[in-house]
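Heads up: the structure comes next, in structure tokens.
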There are 2 protein chains.
Amino acid sequence: MSVIVMKFGGSSVGTPERMRRVAQRIVDRKREGNRCLVVVSAMGDTTDELIDLSKQICDGAPPTREMDMLLTTGEQVSVALLAMAIQSLGEEARSYTGWQTGIYTEAVHGKARISHIEPKRVQDALEKDCIVIVAGFQGMTEEGEITTLGRGGSDTTAVAVAAAIKADLCEIYTDVEGVYSTDPRIVKCARKLNEISYDEMLELANLGAAVLHPRAVECAKLNQVRLVVRSSFNHNEGTLVKEEAAMEQGIVVSGIAYDKNVARISILGVPERPGQLAKVFTALANQQVDVDIIVQSGVQDAADFSFTVGSGDLDKAMTIIASIKETVGYRETTSETGLVKVSIVGAGMVSNPGVAAKMFEAISELGISINMVSTSEIKVSCVIPNSRLNEVIQTLHTAYGLDTDTTVSVGGPQDRR
Amino acid sequence: MSVIVMKFGGSSVGTPERMRRVAQRIVDRKREGNRCLVVVSAMGDTTDELIDLSKQICDGAPPTREMDMLLTTGEQVSVALLAMAIQSLGEEARSYTGWQTGIYTEAVHGKARISHIEPKRVQDALEKDCIVIVAGFQGMTEEGEITTLGRGGSDTTAVAVAAAIKADLCEIYTDVEGVYSTDPRIVKCARKLNEISYDEMLELANLGAAVLHPRAVECAKLNQVRLVVRSSFNHNEGTLVKEEAAMEQGIVVSGIAYDKNVARISILGVPERPGQLAKVFTALANQQVDVDIIVQSGVQDAADFSFTVGSGDLDKAMTIIASIKETVGYRETTSETGLVKVSIVGAGMVSNPGVAAKMFEAISELGISINMVSTSEIKVSCVIPNSRLNEVIQTLHTAYGLDTDTTVSVGGPQDRR
């Protein structure tokens with residue numbers, strides 16, 4: 001008998017009718033002979049409504065401890081209703097909050113990380129042939145404080161619980177068919193991937209392919225949890241995420257992702273002294289500003305740095321940098337918005353030279369100058385003007401043979417570089 | 001420094017604006033030099049909305065365990081928002097669910113009784129000068145299951161927590177000024193009582209004076225918690241409920257209550273055999289039918305029983321009684337609705353003969369025949385036709401000198417019997 005974790009997001013359970021449909025799906029999965037533990041998010045707009053309520057109470061930012069108390073009720077409502085819906089269909093079901101599931105987190109509110117899980121209680125229920133419904137997105141500190149896991153929290157709950165109970169599979173149900181080679185809203189002939197490796201998925205997830213949160217993928221990789229991303233509306237196969245995906249012949253690049261949340265900052269004329277870079281990036285990190293791509297160009301005795309931050313962090317970052325002008329001794333700063341980061345991702349890149357060159361060439365042929373570049377073993381990212389995003393993605397998708405109607409040549413990827 | 005428990009019901013915190021007003025009231029109380037623990041119910045219609053959601057999910061009665069999971073979110077939302085509102089006013093505040101407060105209950109869903117409270121966590125917070133906000137109506141079993149306390153639950157939470165932390169006072173804030181001599185909607189010159197004893201309050205509460213739930217009064221009496229019922233809209237003094245209320249001179253009857261939820265059942269021609277009464281009332285008790293007034297009239301070898309049940313239980317009770325017809329061997333049954341139970345309550349009755357007689361006389365002078373009678377040390381109840389309720393209450397209110405504009409004669413109550 002397989003143990004399966006099934007995760008449903010807020011829109012899948014957004015109305016009582018959808019909730020009943022999800023219940024039927026879970027019951028079917030159980031009756032196929034599986035033990036099912038279900039992780040569920042808050043119904044539809046519940047979280048937004050709760051946030052709205054808090055804004056009517058607080059003038060400033062609400063205290064994070066109390067926000068966690070408030071928001072965790074959303075999932076608690078979902079799990080209770082889903083358990084009722086399943087029981088209506090004649091199967092045993094029990095709902096559990098985060099703390100009842102034994103999900104312990106660090107003592108941080110709003111974005112706690114899971115420290116460990118003591119799943120005995122839900123395991124006992126599973127062994128009694130009961131369908132277990134767990135509230136996603138939430139946990140408890142050692143001191144008994146209620147915490148939330150922040151963005152991607154429910155995906156992370158599903159994967160972490162799957163690891164803790166040694167589930168055979170963790171299924172993430174979404175409103176899309178699986179993981180695509182790129183955003184199907186931009187590229188009509190985007191292909192659904194049958195398999196993808198954790199690392200590739202991680203790059204794609206980090207790069208804004210919203211289907212799975214990077215934290216969840218990281219957690220899956222760390223604990224070797226077999227993940228499936230599939231549609232909650234049909235029974236198609238979805239995408240399997242696992243350690244090493246089967247290489248599809250001729251496919252070096254698995255997917256193309258983009259991230260519009262990009263702003264560039266340049267610090268010009270930084271005197272060459274040890275520790276200058278550290279000063280800047282420590283100051284930013286201390287204020288929780290995440291820095292992504294960093295480029296340094298040295299010019300005799302003084303260097304220029306450019307780096308990207310999230311668009312929402314730009315003003316904050318500029319203020320921080322201004323505050324350390326004297327310490328660092330730089331000449332001036334500039335910043336730029338209206339940018340997008342486009343990335344090609346593929347485990348096959350490692351053993352295939354020239355993949356990056358092909359990307360640069362394709363972009364330059366469109367008459368677009370590349371602003372910044374960053375590479376990893378399985379990824380190449382270019383920062384370009386936002387206005388040219390669609391044509392770039394379409395061009396790259398075709399260039400790397402990802403279009404569904406493209407015949408993949410047997411000669412291999414070398415030909416197309 | 002006094003420790004005060006303050007309880008606010010759902011309508012007092014029904015909107016963000018009201019919530020802020022309650023927060024201000026709590027902060028004021030704290031700044032007077034008190035330590036404050038606040039118990040709060042779910043906002044306005046939240047509970048009804050959640051019940052409605054469950055009905056959209058379940059065809060039949062929803063499983064009680066899951067209903068408790070669902071409904072307890074209502075109070076959790078309230079406590080979080082109230083803590084935020086108080087923090088906005090510059091005072092430290094922390095919210096706690098039932099389980100976080102250490103409220104343990106028996107393992108029953110929907111109407112659990114509190115078994116014990118381990119209040120260390122909230123006491124520590126109080127000692128750090130923090131305003132503590134506790135979710136009413138909820139607790140946890142020893143096994144970590146979430147339970148609700150059922151009707152009157154938040155009042156009971158307030159009193160039980162007040163007892164556990166040895167609070168100096170437990171204030172119940174309501175939408176009325178305090179406990180009245182009778183329903184002010186019926187009797188315009190009903191008087192607000194300054195003091196009342198636990199026993200009197202218990203009778204009044206049981207008899208449908210909805211201002212305080214009998215469970216909460218019982219708990220207060222048992223633990224000698226000083227209770228105040230007062231308005232959440234103004235600063236008037238309210239009614240103090242304590243062991244022995246100061247006798248107001250000339251006042252024997254403190255209040256007049258009524259209960260419209262009354263149906264009469266008569267079982268006629270019951271053969272005289274030992275244990276006949278027990279058979280009937282055990283059968284009813286086994287099916288959770290509460291029986292109130294019982295009257296037996298014997299007629300040679302066979303007896304007639306009459307008793308009252310809640311109107312909603314009438315059909316169920318009649319079915320149960322029909323099912324034991326052969327065992328008991330009675331001749332026939334009759335039933336009657338459209339009744340009301342009117343009761344006079346007063347600790348002063350014990351030492352003042354003739355109080356009941358005065359009641360019977362007043363009612364019969366109105367040309368009303370009394371259906372059934374029941375008495376206790378501090379109470380006399382008469383069952384009469386519902387249609388005559390208002391005039392009976394008005395008449396009794398005046399007869400016992402309860403009207404606010406009545407000059408209480410120094411000669412004492414004897415005169416008026």
> Using alpha-carbon pairs under 8 Å, 6+ residues apart, how would you state the relative contact order of chain B in percent?
Replying inline: 13 percent
> To the nearest 10 degrees, how steeply does helix A:314-323 sit against the main Cα axis of chain A, on a 0 to 90 scale?
Replying inline: 60 degrees
> Per residue and in cubic angstrom, what volume does the convex hull of the Cα atoms of the stretch A:1-90 have?
Replying inline: 89 Å³
>> Cut-off under 29 Å on the C-alpha distance; same-chain residues fewer than 8 positions from A:Lys358 excluded. Which lysines are left, in chain and number order?
In response: A:Lys188, A:Lys192, A:Lys242, A:Lys260, A:Lys341, A:Lys379
> Mind checking Rg over Rh on the stretch B:2-174, alpha carbons, Kirkwood formula for Rh?
Replying inline: 0.97
>> Less than 18 Å from a label point 7 Å out along the Cα-to-Cβ axis of B:Glu332: which backbone N atoms in the stretch B:268-298 qualify, by residue?
In response: B:268-271, B:297
>> Treating only the Cβ of Lys, Arg, Asp and Glu as charged (+1, +1, -1, -1), what charge dipole size does the stretch A:248-384 show about its Cα centre? Round to the nearest 20 debye.
In response: 140 debye
>> Pairs of alpha-carbon atoms within less than 8 angstrom and 6+ residues apart define the contacts here; what relative contact order does the stretch B:2-174 have, in percent?
In response: 30 percent
> Rounded to two decimals, what is Rg over Rh for the stretch B:1-49 when you use alpha-carbon atoms and the Kirkwood radius?
Replying inline: 1.05
>> Need one number: the % of Cα-Cα pairs in the protein assembly as shown sitting beyond the 47 Å mark.
In response: 41 percent
> Helix B:389-399 versus the longest principal axis of chain B: what is the Cα-based angle in degrees, 0 to 90, to the nearest 10?
Replying inline: 80 degrees
>> Using a 10 Å cut-off around each Cβ of peptide A:137-145, what is the average number of partner chain Cβ atoms that fall inside?
In response: 1
>> Using a label point 7 Å beyond Cα on the Cα-Cβ vector, give me the inter-copy distances for A:Leu277 in nanometres, one decimal, shortest first.
In response: 9.4
>> Quick check: at a probe of 1.4 Å, how many percent of the accessible area of the protein assembly as shown sits on carbon and sulfur atoms?
In response: 48 percent
> Based on Cα positions only, what radius of gyration and what Dmax would you give for the stretch B:145-199, in angstroms?
Replying inline: 14.7, 48
> Taking each residue of B:55-65 in turn, how many C-beta atoms of other protein chains fall within 10 Å of its C-beta, and what is the average?
Replying inline: 5
> Residue-wise, which Karplus ³J(HN,Hα) couplings in Hz belong to the stretch A:171-178, taking 6.51 cos²θ - 1.76 cosθ + 1.60, θ = phi - 60°, and x for glycine or proline?
Replying inline: 9, 9, 8, 9, 8, 10, 7, x
> Just which residue of chain B brings its Cβ nearest the axis of rotation onto chain A, and by how many angstrom, rounded whole?
Replying inline: B:Thr73, 2
> Total Lys pairs in the stretch A:2-174 closer than 15 Å by alpha-carbon, pairs eight or more apart in sequence or interchain only?
Replying inline: 4
> With r defined as the distance between the Cβ atoms of B:Cys189 and B:Glu49 and R0 fixed at 41 Å, what FRET efficiency is calculated, to the nearest 0.05?
Replying inline: 0.60
> Which distances in nm, rounded to one decimal and ordered from shortest, link the label point of A:Arg185 to the equivalent label points in the other identical copies, with labels set 7 Å from Cα toward Cβ?
Replying inline: 5.3
>> Keeping all protein chains in place and using 1.4 angstrom, which order do B:Thr327, B:Thr333, A:Thr148 fall into by accessible surface area, from largest down?
In response: B:Thr327, B:Thr333, A:Thr148
>> Please compute the volume of the convex hull spanned by the alpha-carbon atoms of the stretch B:168-289 and report it per residue in Å³.
In response: 177 Å³
>> Give the average over all directions of the projected area of the C-alpha convex hull of the stretch B:118-241, one decimal, in nm².
In response: 8.5 nm²
> What FRET efficiency comes out for the pair A:Ala357/A:Lys279, r = Cβ-Cβ distance, R0 = 35 Å, nearest 0.05?
Replying inline: 0.50
> Could you give the nm distance between label points at A:Gln296 and B:Ala302, where each point is 7 Å from its Cα heading toward the beta carbon?
Replying inline: 10.8 nm
> Tell me, what is a quarter of the convex hull surface for the C-alpha atoms of chain B, in nm² with one decimal?
Replying inline: 23.0 nm²
> Can you give the % of DSSP beta bridges in the stretch B:2-174 that are antiparallel, to the nearest 5?
Replying inline: 20 percent
> Which far-off residues, 5 or more places away or on another chain, put their amide H under 5 Å from the one on B:Met372, with H placed in the peptide plane?
Replying inline: B:Val383
>> Strictly greater than 18 Å: what percent of every Cα pair in the stretch A:264-330 meets that?
In response: 28 percent
> Mean residue ellipticity at 222 nm from the helices of chain B, using -39,500 (n - 2.57) per DSSP H segment of n ≥ 4 over the full residue count, to the nearest 500 deg cm²/dmol?
Replying inline: -10500 deg cm²/dmol
>> Order B:117-128, A:132-143 from most to least packed using the mean count of other Cβ atoms within 10 Å.
In response: A:132-143, B:117-128
>> Distances in nm, one decimal, shortest first, from B:Asn236 to the same residue in every other copy, taking the label point 7 angstrom along Cα→Cβ.
In response: 6.8
> With axes computed from alpha carbons, what is the tilt in degrees of helix A:16-31 against the longest principal axis of chain A, rounded to the nearest 10 within 0 to 90?
Replying inline: 80 degrees
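The values are calculated or read from the model by the stated rules, or taken from the named source; none is laboratory data. What you see is a predicted model, and the numbers here were worked out from it, not measured in a lab. No Cβ is skipped: glycine too gets one built from the backbone with ideal geometry, and neighbour counts run over all protein chains shown. What goes into the accessible areas is simple: the full protein's heavy atoms, side chains included, and nothing from ligands, DNA or RNA. Shrake-Rupley method; radii C 1.70, N 1.55, O 1.52, S 1.80 Å.
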